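A quick write-up on the structure given underneath.
The values are calculated or read from the model by the stated rules, or taken from the named source; none is laboratory data. This is a predicted model, so every value here is computed, not measured. Every residue, glycine among them, receives a Cβ derived from its backbone with ideal geometry; neighbour counts consider all protein chains shown.
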């Protein structure tokens, strides 16, 4: 089983144990802090993932990273992960937690790639249209990729919508190649 799927199971268990709705956001912030530390600090990653470093030392490091303001429940969660020798899922916890917590909040995240930067009114119209179609609150992460020539790509969960000029040209090319192959096979 992939580390991401394992992380999702652990996160679902953690969220089931959370009784105070206000704790959901505090845990998310602490997980994002850990995620940032893991991405930016190679030494922390090596330390946590190293098989010969004791579990107690790893737990102390996670407690130090979490700090005094982190919920006690999250610190116990980190200890549980270390005890189960699942350190490798630590880097997957924040994105998985955000996705599951967003589901509980009725929020979906859309990754939008546009050929040119969107002006605020375009972003708002896109967000409104997505909310109408999906019937959920949508948070858009908009990026720019000039290679798209024109239009937008939108990814929500596992659904991908390609309304770019580049995508249309690729589909047209594929269609023409299939037609040529069909004509050659018929003659």
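Of all the residues that make up segment 153-162, how many are in a strand (DSSP E or B) and exposed (fewer than 12 other Cβ atoms within 10 Å of the Cβ)?
2
Quick one: residue 109 ticks every box in (1) at positive phi; (2) touching a strand residue (DSSP E or B) at 6+ places or on another chain (Cβ under 8 Å) except a single one, so which number is it?
With (1) at positive phi; (2) touching a strand residue (DSSP E or B) at 6+ places or on another chain (Cβ under 8 Å) applied to residue 109, the lone miss is (1).
Out of (1) touching a helix residue (DSSP H, G or I) at 6+ places or on another chain (Cβ under 7 Å); (2) surrounded by 13 or more Cβ atoms within 10 Å (Cβ to Cβ); (3) at pLDDT below 95, what's the single condition that is false for residue 92?
Only one criterion is unmet by residue 92, namely (3).
Just wondering, is there one or more residues in segment 169-177 that are over 17 Å from the mean Cα position of the chain (by Cα) and either assigned by TED's automatic domain parsing to the domain that holds residue 39 or touching a residue at least 24 places away in the same chain (Cβ under 8 Å) (or both)?
no
Mind telling me which of the residues 70, 101, 94 ends up being in contact (Cβ under 8 Å) with a residue 12 or more places away in the chain, in a loop (DSSP other than H, G, I, E, B) and within 21 Å of residue 18 (Cα to Cα)?
Only one candidate passes the filter, namely 70.
Restricting attention to segment 117-152, and to residues there that are in contact with a helix residue (DSSP H, G or I) (Cβ under 7 Å, 6 or more places away or on another chain) and outside any loop (DSSP other than H, G, I, E, B), which single residue is surrounded by the most Cβ atoms within 10 Å (Cβ to Cβ)?
138
Taking the stated definitions as given, is residue 2 closer than 19 Å to residue 100 by Cβ and either in contact (Cβ under 8 Å) with a residue 40 or more places away in the chain or surrounded by 11 or more Cβ atoms within 10 Å (Cβ to Cβ) (or both)?
The answer is no for residue 2.
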